[in-house]
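The values are calculated or read from the model by the stated rules, or taken from the named source; none is laboratory data. Values in this document were obtained by computation on a predicted structure and should not be read as measured data. Cβ placement follows ideal geometry from the backbone for every residue including glycine, while neighbour counts extend to all protein chains displayed.
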Amino acid sequence: MPLQPTKHIWHDGKLVPWDQAQVHVMSHVLHYGSSIFEGIRCYQTEQGAAIFRLADHMQRLLDSAKIYRMDLDYTLNQLIEAVVETVEANGIAPCYIRPIAFRGYGELGVNPTGNPIELYIGNFPWGKYVAGDHGADVCISSWNRMAPNTLPALAKAGANYMNSQLIRMEASINGYAEGIALDVNGYVSEGSGENIFVVHKGQLHTSSLGSSVLAGITRASILTLARDMGIPVVEQTLPRELLYIADEVFFTGTAAEVTPIRSIDRIQIKDGKTGPITKQLAAEYFGIAAGKRPDRFNWLTPVKVTAAETVTA
Ligand SMILES: Cc1ncc(COP(=O)(O)O)c(C=O)c1O
């Protein structure tokens, strides 16, 4: 899906025109993958536009920075204000928001500490991420997720997405909408850009943080909603074959939102239809995001946007 440019991009405290948000080809990030980023959705609700779990996303950006010893020099509140300023200046909702911090231009060499850290925030319209309106047909990837103590999975770092790209390309070349990676021990980890949930015998399972997953904000939201709705929740290592015999399987993610999975490795999940627990959780999740159900966990940050732009997938 081609990027739809907006007017401004926020760069280190100032809004610059979209076309002027450029980096030098000798920037450290281009050579060594030294970036961290976030992906956030802003929804159009009946009460106006609102950003979903903005503080949690910006806290995760700060956490990624801490893991990689990057001094961002912004407080959580300043980061939140910068995102709101960008979305309001561009006046587009719904939209996807992409804050990114990276090691810029200065020195080449693996030790990154001599380079400036730059922070940019852009936003643009973006639609459905994982194909399949009645459930996605996915596969287990031949690529594993990163082994523990190699690339830290809890940091949302650009470098991790080289692994994600291998998973996603392989899936798509083989005719699948997405790939699910196992961890280095052969347990279920996550999709190339999504966490995974399994419903089995009335319990909701998801891989634990020890299985090289990103601590997804949507994952956390679904866990909160499930507990609130009285659905038993288990976070633990998941054997691959549990996926095949599951009653329901779905992906979660800011981009993927709640995406039901219809088949894995051409094995149909149950009757191939979206299951009742997936439907119930998705209805609650989208209900809150769209402002149709009370925001009882304080997940929405209202923003003033002047132009509403319809997202096309
Ligand atoms: C590898 C990976 N796992 C999980 C997720 C889901 O995270 P979130 O719900 O915070 O978007 C993402 C999305 O960014 C991701 O890239």
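Pairs are defined by a Cβ separation below 7 Å, a sequence spacing of at least 6 or placement on different chains, a first member in the stretch 240-268 that is modelled with pLDDT of 95 or more, and a second member that is within 12 Å of the ligand (Cβ to nearest atom) and of a type in the set (K, R); the pairs so defined are T252/R219; T254/R41.
Screening the stretch 214-227 for residues that are in contact (Cβ under 8 Å) with a residue 40 or more places away in the chain and outside any loop (DSSP other than H, G, I, E, B) and picking the one that is farthest from the ligand (Cβ to nearest atom) gives A226.
Checking the conditions here, which among A255, A181 is farther than 22 Å from I40 by Cα and either within 15 Å of the ligand (Cβ to nearest atom) or part of a loop (DSSP other than H, G, I, E, B) (or both)?
Criteria check complete, one pass: A181.
Restricting the first member to the stretch 178-193 and to residues that are more than 10 Å from R240 (Cα to Cα) and without any contact (Cβ under 8 Å) to a residue 24 or more places away in the chain, and the second to residues that are aromatic (F, W, Y) and part of a strand (DSSP E or B), no beta-carbon pair is closer than 9 Å while six or more apart or on different chains.
Considering the stretch 63-102, the residues that are of a type in the set (V, I, T) and assigned to a strand (DSSP E or B) include one that is farthest from L151 (Cα to Cα), namely I92. Looking at G193, G202, just one residue is within 16 Å of the ligand (Cβ to nearest atom) and in contact with an Asp or Glu (Cβ under 9 Å, 6 or more places away or on another chain), and that residue is G193. Scoring I67 on the criteria (1) in contact (Cβ under 8 Å) with a residue 60 or more places away in the chain; (2) of a type in the set (A, V, I, L, M); (3) within 14 Å of the ligand (Cβ to nearest atom); (4) closer than 29 Å to D183 by Cβ leaves a single failure, condition (3).
Is it the case that the stretch 203-210 has a residue that's assigned to a loop (DSSP other than H, G, I, E, B) and in the same structural domain as T259 (by TED's automatic domain parsing)?
Applying the first criterion (assigned to a loop (DSSP other than H, G, I, E, B)) to the stretch 203-210 yields 207-208.
Narrowing the set further to residues that are in the same structural domain as T259 (by TED's automatic domain parsing) leaves 207-208.
Looking through the stretch 203-210, at least one residue is assigned to a loop (DSSP other than H, G, I, E, B) and in the same structural domain as T259 (by TED's automatic domain parsing).
Could we say that G230 is without any contact (Cβ under 8 Å) to a residue 12 or more places away in the chain, assigned to a loop (DSSP other than H, G, I, E, B) and surrounded by fewer than 24 Cβ atoms within 10 Å (Cβ to Cβ) here? Even if it seems obvious, please write down each step before you answer.
On the way: without any contact (Cβ under 8 Å) to a residue 12 or more places away in the chain: yes; assigned to a loop (DSSP other than H, G, I, E, B): yes; surrounded by fewer than 24 Cβ atoms within 10 Å (Cβ to Cβ): yes.
For G230, the condition - without any contact (Cβ under 8 Å) to a residue 12 or more places away in the chain, assigned to a loop (DSSP other than H, G, I, E, B) and surrounded by fewer than 24 Cβ atoms within 10 Å (Cβ to Cβ) - is met.
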